[in-house]
Structures are given as structure tokens and as C-alpha cells.
């Protein structure tokens, strides 16, 4: 939680703004309901008095033009109530879930931008978006994950070493943050998953992030 508090303080700082003509648009992949009755959008999970969607918009806003929220039609009303006073936000709704690839493809129909920052609503991070944009389009942000449990090294029945929730320095994980060019997004399937159906077969650059990355609710 200490690292989350650090990020909340960072969100309050004024970030340098890019010239409007150079700004990409943002697509926040926000579909997903929680609970047995599937009545609560994961975009409305709260940390530090702000919802996940509000954190993402605050983080993205200085670096992008339009913010497009991709979600199920049933979620739009609930999310829009929270964002009723937030300007520069549009919704790309789905009557049937299209998966992260289909939702991204559908969302670009609401934009004229050449480049896009695409992110999951439930990934909280302090990635430097200026650095990502300078790194170049068609990039995927990766980071060393921290396990949620202790790791033991054993010799038979004897415990040789114990590490509580270690960071896996030899493993790189997808942060759920992408900087993409329109040309690659237009070729996405109408329905499907970025993670399963697209990225394993696509050449992307790896933007390595060494700061904070946490998935909401996990």
C-alpha cells in the first residue's frame, strides 16, 4: 500500500504537457464486472478515495488528447455517473463482449489519432508516458512481477531459504500498457484477445519499466 500511496502523490504533480498535435489518444479497456450477480464494474474499484477509472484518466490526461473508455453497454451508465464532470472522455460500448482486441479495434473508430496509448483499467503504474512515447509506437510495457506469496528453496525436507513476496528479476510480465500505431490496431480481429490471439503473433518492442506496477483487486 505504501507504493500505491506514492503513486497517488505522483498523480497530484503537474506533468509536462505535449503539444496537442503530437498527442496520441487513449483507450482504456474497462469491460469487466465483479460479484456473483455481475453488477459492479471493475472500473469502479477504489484505492485512495478514487476509482480505478479515475486513476487511469488522471495518469493519462497530460499526455493524450481524447480518452476513450471501452466497456460493455451495461457498464457505461454506472461509469459515466462517476465521470459526469470529467471532460474529454468518450465511451465505446459493446452490446456483446468483444475481448480486448475487438474492443480496441472498435474504440479507434471514435478517434482520428495516428497513435494510441491502450491500457487495462485495473493496472496501476507510474510508467513515464513521455518516455514511452519517445521510445516509439508498437511497444508493450513490461515489468518484473512481484509474487503474492512467499517462495521457499528446499533441500529434501529442509528449508534452505525463504523469501516473502519476492520480485522476480529474471521474469518479465505484460503490464497491460501499450503504445500502438493505428496501422497495427486496424488489423486486429473484430473479436478476440490481445493477450492470446494477437501479441504472440505480432512483433512489438519491449519498453522495460522498473517502477511500480500493481493490478487492482489482486
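The values are calculated or read from the model by the stated rules, or taken from the named source; none is laboratory data. Computed from a predicted structure; not experimentally measured. Note that we place each Cβ from the backbone using ideal geometry, even for glycine, and neighbour counts take in every protein chain shown.
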- Query: Going by the conditions given, is residue 118 within 18 Å of the chain's Cα centre (by Cα), within 17 Å of residue 184 (Cα to Cα) and modelled with pLDDT of 95 or more?
  - Reply: yes
- Item | Residues of segment 61-78 that turn out to be farther than 16 Å from residue 95 by Cβ and crowded, with 21+ Cβ neighbours inside 10 Å, as a count | 3
- Task: Go through the residues of segment 73-89 one by one and say whether even a single one is touching a strand residue (DSSP E or B) at 6+ places or on another chain (Cβ under 8 Å) and under 18 Å from residue 180 (Cβ atoms).
- Result: no
- Among the residues listed as 130, 112, the single one being surrounded by fewer than 22 Cβ atoms within 10 Å (Cβ to Cβ) and assigned to a loop (DSSP other than H, G, I, E, B): 112
- Message: Looking at 130, 170, 148 in this structure, which one is out of contact with any strand residue (DSSP E or B) (no Cβ under 7 Å at 6 or more places or on another chain) and closer than 19 Å to residue 63 by Cα?
- Response: 130
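Please note which strands (runs of 3 or more DSSP E) are completely contained in segment 143-190 and include at least 2 residues that are surrounded by 12 or more Cβ atoms within 10 Å (Cβ to Cβ). Give the derivation first.
Values: elements: 151-155, 158-163, 173-181.
Here the list reads 173-181.
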- Exception for residue 203 within (1) under 19 Å from residue 135 (Cα atoms); (2) assigned to a strand (DSSP E or B) falls at (2)
- Message: Give all pairs with beta carbons closer than 7 Å in which a residue from segment 80-93 that is without any contact (Cβ under 8 Å) to a residue 40 or more places away in the chain meets a residue that is assigned to a helix (DSSP H, G or I) and exposed (fewer than 14 other Cβ atoms within 10 Å of the Cβ); count only pairs at least 6 apart in sequence or on separate chains.
- Response: 93/73
- Exactly one of (1) within 19 Å of residue 196 (Cβ to Cβ); (2) touching a helix residue (DSSP H, G or I) at 6+ places or on another chain (Cβ under 7 Å) is unmet by residue 96. Its number? (2)
- Message: Quick check on my filter: what residues within segment 78-95 are under 21 Å from residue 109 (Cβ atoms) and not in a loop (DSSP other than H, G, I, E, B)?
- Response: 79, 80, 89, 90, 91, 92, 93, 94
- In segment 27-72, what residues are farther than 23 Å from residue 108 by Cβ, at pLDDT 85 or above and assigned to a strand (DSSP E or B)? 46, 50, 51
